[in-house]
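Here the structure is laid out as structure tokens; the discussion comes afterwards.
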Amino acid sequence: MERFNLQPYFELVVTALDVKHPKPHPESIGKILEAFHLEREEAVFIGDSEVDQQTARASGVRFVAYKNRELDAAFHIEAISICFDS
């Protein structure tokens, strides 16, 4: 985040240091949902690993697999485009 000066573009970052139980436990996703007042149905988890898939499943949010067709996901994507306001 610091190396690429990405902090201004994120309101919240949750890492393994912010939770008692790291992925695939759903605690991190629960923190994010709570912080943004979202229901599970309103969120997606984008990930590229089996652990990400397990985390999404454990937290009850839809999973979108990034560049990994081996994963069981609602959608598979090959690219992410992000536009930042200047």
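The values are calculated or read from the model by the stated rules, or taken from the named source; none is laboratory data. Please read these numbers as outputs of a predicted model, since none were measured by experiment. Cβ: placed from backbone, ideal geometry, glycine included. Neighbour counts: every protein chain shown. We work out accessible area using only protein heavy atoms, side chains counted, and drop any ligands, DNA or RNA first. Shrake-Rupley method; radii C 1.70, N 1.55, O 1.52, S 1.80 Å.
Overview of results
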{"read-out": "Surface per residue (accessible, 1.4 Å probe) for the range 1-51, Å²", "value": "83 Å²"}
{"read-out": "Amide proton proximity set for Val44, modelled H, under 5 Å, gap of 5+", "value": "none"}
{"read-out": "Cut-off of 10 Å, at most 11 other beta carbons, DSSP loop: longest stretch of the chain lacking such chymotrypsin sites (Phe, Trp or Tyr not before Pro)", "value": "37-83"}
{"read-out": "Percent accessible area from carbon and sulfur atoms, the chain, protein chains only, probe 1.4 Å", "value": "52 percent"}
{"read-out": "Most to least accessible of Ile46, Ile29 (protein chains only, probe 1.4 Å)", "value": "Ile46, Ile29"}
{"read-out": "At most 15 other Cβ within 10 Å, DSSP loop - GluC sites (Glu not before Pro), the range 8-42", "value": "Glu11, Glu39"}
{"read-out": "Loop-resident sites, the chain, for trypsin sites (Lys or Arg not before Pro), counting at most 13 other Cβ within 10 Å (DSSP)", "value": "Arg3, Lys20, Lys67, Arg69"}
{"read-out": "Among Ala35, Ile80, Val51 the positive-end extreme of the charge dipole of the range 4-86 (Cβ point charges)", "value": "Val51"}
{"read-out": "Vicinal HN-Hα couplings computed from phi for the range 19-25 (Karplus, 6.51 cos²θ - 1.76 cosθ + 1.60; Hz; Gly/Pro x)", "value": "10, 7, 10, x, 3, x, 4"}
{"read-out": "Label zone at Asn5 (point 7 Å along Cα-to-Cβ), backbone N below 16 Å, the range 51-86", "value": "84-86"}
{"read-out": "Per-residue ³J(HN,Hα) for the range 60-77, Karplus 6.51 cos²θ - 1.76 cosθ + 1.60, θ = phi - 60°, Hz, x for Gly and Pro", "value": "x, 10, 5, 10, 10, 8, 9, 6, 8, 6, 6, 7, 7, 9, 5, 9, 10, 10"}
{"read-out": "Hz values of 3J(HN,Hα) by residue in the range 41-55 - Karplus curve (6.51, -1.76, 1.60), Gly and Pro given as x", "value": "5, 8, 10, 10, 10, 9, x, 10, 9, 4, 5, 4, 4, 5, 5"}
